[in-house]
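Working notes, structure below.
The values are calculated or read from the model by the stated rules, or taken from the named source; none is laboratory data. These figures come from a predicted structure and were not determined experimentally. Areas reflect the complete protein model, heavy atoms only, side chains present, ligands, DNA and RNA absent. Shrake-Rupley method; radii C 1.70, N 1.55, O 1.52, S 1.80 Å.
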Amino acid sequence: MPSVTDNNRPGLYEDSGSRIYNGDANEYAQLWKQHNPDQDHYVHVQAGVLDWYKDLARSGVHPDAGSLVICGPGYEIQDRDLNPSIIRSNVGEHPGIILADWSTGILDNAYDSLVETNKALGPKLQLARRDFSGGLSSNLHDMLLRRIEDIQDKQGLRDFMTWLRDSVGIEEVERHIHSVPRLATEYSRRVTRVLEVPEALDFNAILHGRAEVRFITANMLLTGMFALTEGEFRDKLIQFRPEIEEEEFVEMLGIWHNLIFQLNTKVASDFMLRALELNPTAHIFAPSDVDVNYKGIETFSRLDVAALRKSFDERGYKFRVKDEWTLDDTHEKPAHSHQMNVLLACKNGALSEAHRHHMQTLGMETLHGAEPDASVGESSDSSGSQSVSVAIKSKKAGDSSPVLSRKERLRA
Ligand SMILES: C[S@@+](CC[C@H](N)C(=O)[O-])C[C@H]1O[C@@H](n2cnc3c(N)ncnc32)[C@H](O)[C@@H]1O
């Protein structure tokens, strides 16, 4: 198969603010390139995406009804989030496809993978560079990296943990200004189209009113945005592990995960709700790691699924947690695995004009102007996901802790 060259790729809808996170995005991409992901996990993801397409089709939302946005595509998408058959059939039917990520390297890789698998996708593809963390990823990294690097001994680690527990929460990370953007030479090399879209999730602006967004996927994105800083912390913790008693080690993990739990929940909630406000007829498919189990040590929640559900309920939006499998990361240090769930969301089945028109041209009537929403129906909600959101009070007043004892998980 002839390989795609730089010249074939479309210009990029650059984010005018990307200079701030460019260095972190490049580093993240490097880290993810070296990561050897559990291939069995993708079997579940691919089955999940096919189910999602089928459920939506039963609701009258076919791929040709609107554009697809793939957020955080990662590398080798043809063998991971998707497979060649899905790329040729389902994905091929969309009138437009947007790849959105904060890393240009990953965007290029995803573009090449898709076009090499299905040439017909080339003219439909748009690339958009976006930060989906609302600045929090780079803020956290900038705020913690130097402090983590500076930890020289056990006491230094203890001091860092105390500072983290007592002084760092969402507000502090939001307030932190990433003051020294690390510029990469790559930045201005590419011919780009800068579209001044203040909203990272306003995908319809890129489509200029054509084939509005109806399908959004975000595989391992919502709880992966702080992975760069998480990696730095884990390395440091491992370095001093031989000097730390088991109980203190678990406590340190707990302090760390309490912060990540809060940040993940904020970015996931902001992402999903805002995506639906700006793309009101879209359906979201988001396989996410909702907890982490350090083998033989402890399980910590990574996402407050109950809080997410509540914010959807309050708005009358639909939210469903489906499927459940284990993602094996036992080759990493400390050895761990994740419980995975598919999160599904949509606004409320309101039909867009485009969809109504599509149905009419097919000679089909719509029922009371609303879709039955098989994609987020109530029938087979995963009860397992709800156990993850059980939380106990941590030492910091008002915070919920993501620590789940094995007993609690079994009881829930
Ligand atoms: C853990 S990887 C998952 C990749 C792929 N979906 C998979 O499951 O193999 C996370 C993806 O989201 C992107 N990403 C991470 N943080 C991001 C952020 N703050 N804004 C936009 N994209 C981000 C990464 O560049 C990467 O493509």
Largest-first ordering by accessible area, 1.4 Å probe, given options His283, His44, His35, His208: His208, His44, His35, His283
Segment 77-185: equivalent-ellipsoid semi-axes (sqrt of 5 x gyration tensor eigenvalues, Cα, Å): 41, 15, 13
For segment 107-157, the fraction of alpha-carbon pairs in successive 5 Å shells from zero, as %: 4, 16, 15, 10, 10, 10, 10, 9, 8, 5, 4, 1
Anisotropy class of segment 34-110 from Cα gyration tensor, a/c 1.5 cut: oblate
In Hz, Karplus ³J(HN,Hα) per residue of segment 36-43 (6.51, -1.76, 1.60; θ = phi - 60°; x = Gly, Pro): 10, x, 5, 5, 4, 4, 6, 4
Accessible solvent surface per residue of segment 56-112, calculated while the other protein chains remain in place, 1.4 angstrom probe, Å²: 26 Å²
³J(HN,Hα) computed for each position of segment 142-157 - Karplus, 6.51 cos²θ - 1.76 cosθ + 1.60, integer Hz, glycine/proline x: 5, 6, 9, 3, 4, 5, 5, 4, 6, 5, 9, 8, 4, 5, x, 5
Spatial separation of Cα centroids for segment 41-113 and segment 233-274, in angstrom: 31 Å
Greater than 22 Å apart at Cα, pairs in Lys33/Lys154; Lys54/Lys347; Lys266/Lys318; Lys54/Lys266; Lys124/Lys322; Lys33/Lys266: Lys33/Lys154; Lys54/Lys266; Lys124/Lys322; Lys33/Lys266
Residue-by-residue Karplus 3J(HN,Hα) for segment 263-272, coefficients 6.51, -1.76, 1.60, Hz, glycine and proline x: 5, 4, 5, 5, 5, 5, 5, 4, 4, 5
